[in-house]
Amino acid sequence: MTQNTDTGDDSGDALPDGGVAEDGQRSGFSPISALNERFGSDFVESSQFWLPPFLLVGLFVYGAIIWNLLISLTDFTGFGTPDYGDLDLEMYGRALADSGFIDAAINTFILLVGFTLVTLALGLGLAILIDRNIRFENTFRTIYLLPMSLSFVVTAQFWAWMFNFNNGVINIVITSLGFGRVDWIGNPDIVLWAVMFALMWQFAGYAMVVFLAGLRAIPNEHYEAAKVDGASTVRMYWRVIIPQLKGSTISASVVLMVFALKAFDFLYSLVGGYRPPNGADILATKMVREAYANLNWAYASAVAITLFLMTLGIVGPYLYYQYNRGNL
Amino acid sequence: MGTLELDGVTKVFPDGDGEVVAVDDVDIEMRDGEFLVVVGPSGCGKSTTLRMVAGLETVTSGEIRLAGNVVNDVKPQHRDIAMVFQSYALYPHMTVEGNMAFGLEESTELSDEEIETRVTDAAETMGIAELLDRKPSDLSGGQQQRVALGRAIVRDPEVFLMDEPLSNLDAKLRSEMRTELQRLQSELDVTTMYVTHDQTEAMTMGDRIAILNAGELQQVATPLECYHEPANRFVAGFIGDPSMNFFDVKRDGDTLDGAVFDYPLSASTLDDVGDVTDLTLGVRPEDISVAGDAAGDHAFSTVVEVVEPMGDENTVYLRFEDAPEGETFIATVGGLQRISVGDEVTIEIPEEAIHLFDGNTGEAVHNRDMEE
């Protein structure tokens, strides 16, 4: 501790040339002052605060990812221990040859893009409507945001009832309108869109809140200037207001896409098992099924790494964008 | 033609259960090419008036006529007006060129080439031709202001509306832009309604001034008329800096009986006063002469309480000898005249310079004599 206090004093007087001029005793090389110079003046002193969480996160998050990568290079399956002596890309080759994997990857991609775009559009629409000084604005805002507070499990149960072939609300409504019943969950061509709709129901409120914050940051004069400039309401939103929501759009998209990749909970609860309805298998469900139902540890790890890379592909550009704007 | 008429225009805002009258029965007629400055204290309804002309607020009653046509129910985008906002309201995601072209793209059928030509012309007029590719956030306050003006003039509208366009600039830039705006307006000869709370802008820029207080129009006249022949006590006090001195007096025969002084009036002034007995005597600070050798009925002994040297002139706070401490009035004297706190000076309030207002209604009953 005394050492820490000492270096604290020294670093205050540290000169750009690396010496600590006032203090004759410490003119020689010191690893602590060298570290401080490299990483900032209180690097060592503050380490007791950031080092423990840094190590824990490093081990349990990044360590786990690396371990996962290692396992994906083995042929580990069933019980026992993985053999780290024989590392190859066999499991990735197997994935590319597995039509189940390809289907799951395509479904993941459709869900990712479709869900994100539709939810953004709906959220933007709701936000614009709510922003136009309507009555009961706070009530509407709360109603739209409420689904966001439910867990995936509740949403899945709820929509399982809604989509039920015989007694579901949706089928009751459309049969009463004279149309035939639709097998929302059982039809492999439809189920993915039904899932997407349920997820959109849950997250449109979130997108709305993000856009609403963005809209509130735009000064009234911009609306007025656009009107006086001769723009109709639609043109005003299209050319003046929506382009200013770029930041909100990016933030909301990243969160929505990450949720889409995590849709495992939703699909798991929808059927109460590892095997989602035909046509709705995504990489997340495939990964868990391969690992815990089939004990194909190495193969599941390879799927996990693929999913990880997809996430990185989304978050990476966002971080880069924020870094360029000086926010990181 | 760009004539603009406001006929009995009233704006009432709901306020909880009650109502607030923001603009009360305002009549203004502007001829084509006129520069009218609307001036008044904060909350007097001047911005609301402008926004009604722009179509950004509805008109509760009365009529607004633009070039002879009633525009009460015409949407802002169809009014052929251009507005300059106090905050400039430049679109941050567009370049300067995009900002200036936007209005033409939305309100006209012009081809891209024509729009580009007009934008370039307007940018040259405003001296911002080299900024066309920049974003508003890269510009200084003065440059943003020029872009905002450029965006208005490129439209070539019937009427310009300006809502305190210079108030975000620093003092030096403001006086530069004031001159430039005047030059621009007379060059373009477009009817302009200009809202400000700054009376220097009101005095120097406008062909005429409209003075509003508490939603009511007080006077519409040329700047010099407003200064020398104010319609009422509010106008007299609002126009002029330092503002006019007022003394509450009672008429007693042919003298005005103030708290600490008596002021005899001549026969011609008494004619103007008629039978009003409660009066307010007004006199502008520069009309009080502090020569020191004054004598007669209109000379008074005073004590100097505060001196504010401005360089070209001194603002002197004086107190009548018999008045309690702190009850001062203002006189301005030449910057080279030596005068210091505590001095006893004799001042003269010449009768040809006084204004008299009805003490109850505030209406002017007598204004100063103007040299013919």
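The values are calculated or read from the model by the stated rules, or taken from the named source; none is laboratory data. Note that this is a predicted model, so its numbers are computed, not measured. Virtual Cβ from ideal backbone geometry, glycine too; neighbours counted across all protein chains shown. When the accessible area is computed, the model is the full protein with side chains, heavy atoms only, and any ligands, DNA or RNA have been set aside. Shrake-Rupley method; radii C 1.70, N 1.55, O 1.52, S 1.80 Å.
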- [ ] Please give the number of the condition A:Phe179 fails out of (1) assigned to a helix (DSSP H, G or I); (2) free of Cβ contacts under 8 Å to residues at least 12 places away in the same chain.
- [x] (1)
Open item on the list: Among the listed residues B:Val154, B:Val159, B:Val119, identify the single one that is touching a Ser or Thr at 6+ places or on another chain (Cβ under 6 Å), under 29 Å from B:Asn69 (Cβ atoms) and surrounded by 22 or more Cβ atoms within 10 Å (Cβ to Cβ).
Closed with: B:Val159
Open item on the list: It is to be established whether one or more residues within the stretch B:347-356 are loosely packed, with under 13 Cβ neighbours inside 10 Å and free of Cβ contacts under 8 Å to residues at least 60 places away in the same chain.
Closed with: yes
Open item on the list: Let me spell it out: the conditions are (1) in contact with a Phe, Trp or Tyr (Cβ under 7 Å, 6 or more places away or on another chain); (2) open to solvent by less than 30 Å² (accessible area, probe 1.4 Å); (3) in contact (Cβ under 8 Å) with a residue 60 or more places away in the chain; (4) farther than 21 Å from A:Ile128 by Cβ, and A:Asn171 meets all of them except one. Which number is the exception?
Closed with: (3)
Open item on the list: Which of the strands (runs of 3 or more DSSP E) found entirely inside the stretch B:21-115 contain at least 1 residues meeting this: facing another protein chain (nearest Cβ under 9 Å)?
Closed with: B:81-84
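Conditions (1) assigned to a helix (DSSP H, G or I); (2) surrounded by fewer than 21 Cβ atoms within 10 Å (Cβ to Cβ); (3) among the hydrophobic types (A, V, I, L, M, F, W, C), marked per residue:
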| residue | (1), (2), (3) |
| --- | --- |
| B:Ala236 | yes, no, yes |
| B:Gly240 | no, yes, no |
| B:Phe246 | no, yes, yes |
| B:Ala259 | no, yes, yes |
| B:Asp271 | yes, yes, no |
| B:Leu279 | no, no, yes |
TODO: For the stretch B:321-344, name all the residues that are among the hydrophobic types (A, V, I, L, M, F, W, C), open to solvent by less than 70 Å² (accessible area, probe 1.4 Å) and at pLDDT below 90.
DONE: B:Ala323, B:Val333, B:Ile339
Task: Output for the stretch A:262-284, where each listed residue is of a type in the set (A, V, I, L, M) and surrounded by fewer than 19 Cβ atoms within 10 Å (Cβ to Cβ) - done: A:Val271
Open item on the list: Which condition from (1) farther than 17 Å from B:Val159 by Cβ; (2) touching a helix residue (DSSP H, G or I) at 6+ places or on another chain (Cβ under 7 Å) is the one that B:Phe85 breaks?
Closed with: (1)
Open item on the list: Six or more apart or on different chains, Cβ atoms under 9 Å: show the pairs whose first residue is in the stretch B:89-113 and of a type in the set (Val, Ile, Thr) and whose second is open to solvent by 50 Å² or more (accessible area, probe 1.4 Å) and at pLDDT below 95.
Closed with: B:Thr95/B:Asp133; B:Thr95/B:Arg134; B:Thr95/B:Lys135; B:Val96/B:Asp133; B:Val96/B:Arg134; B:Val96/B:Lys135; B:Val96/B:Gln143; B:Thr108/B:Glu114
Open item on the list: So, B:Ser42, is that one open to solvent by 60 Å² or more (accessible area, probe 1.4 Å) and in contact (Cβ under 8 Å) with a residue 40 or more places away in the chain or not?
Closed with: yes
- [ ] Enumerate the pairs (first residue in the stretch B:174-203 and over 20 Å from B:Thr49 (Cβ atoms) and assigned by TED's automatic domain parsing to the domain that holds B:Cys226; second residue anywhere and among the polar types (S, T, N, Q) and open to solvent by 30 Å² or more (accessible area, probe 1.4 Å)) with beta-carbon separation below 7 Å, excluding pairs fewer than 6 apart on the same chain, so at least 6 apart or on different chains.
- [x] B:Arg178/B:Thr204
Open item on the list: Looking only at the stretch B:130-148, how many residues end up being open to solvent by 40 Å² or more (accessible area, probe 1.4 Å) and either hydrophobic (A, V, I, L, M, F, W, C) or over 19 Å from B:Arg174 (Cα atoms) (or both)?
Closed with: 6
Task: Pair list, Cβ under 6 Å, 6 or more apart: the stretch A:273-296 residue closer than 16 Å to A:Phe76 by Cβ, other residue charged (D, E, K, R) and open to solvent by less than 20 Å² (accessible area, probe 1.4 Å) - done: A:Asn296/A:Glu290
Task: Residue list for the stretch B:276-319, filter: touching a Leu at 6+ places or on another chain (Cβ under 9 Å), within 12 Å of B:Ile347 (Cα to Cα) and polar (S, T, N, Q) - done: B:Thr302
- [ ] Within the stretch A:124-158, track down each residue that is on the phi < 0 side of the Ramachandran plot and either in contact with a Lys or Arg (Cβ under 8 Å, 6 or more places away or on another chain) or outside any helix (DSSP H, G or I) (or both).
- [x] A:Ile130, A:Asp131, A:Arg132, A:Ile134, A:Arg135, A:Leu150, A:Ser151
Open item on the list: I'd like to check something: does the stretch A:75-82 contain any residue that is of a type in the set (Ser, Thr, Tyr), open to solvent by 90 Å² or more (accessible area, probe 1.4 Å) and at pLDDT below 90?
Closed with: yes
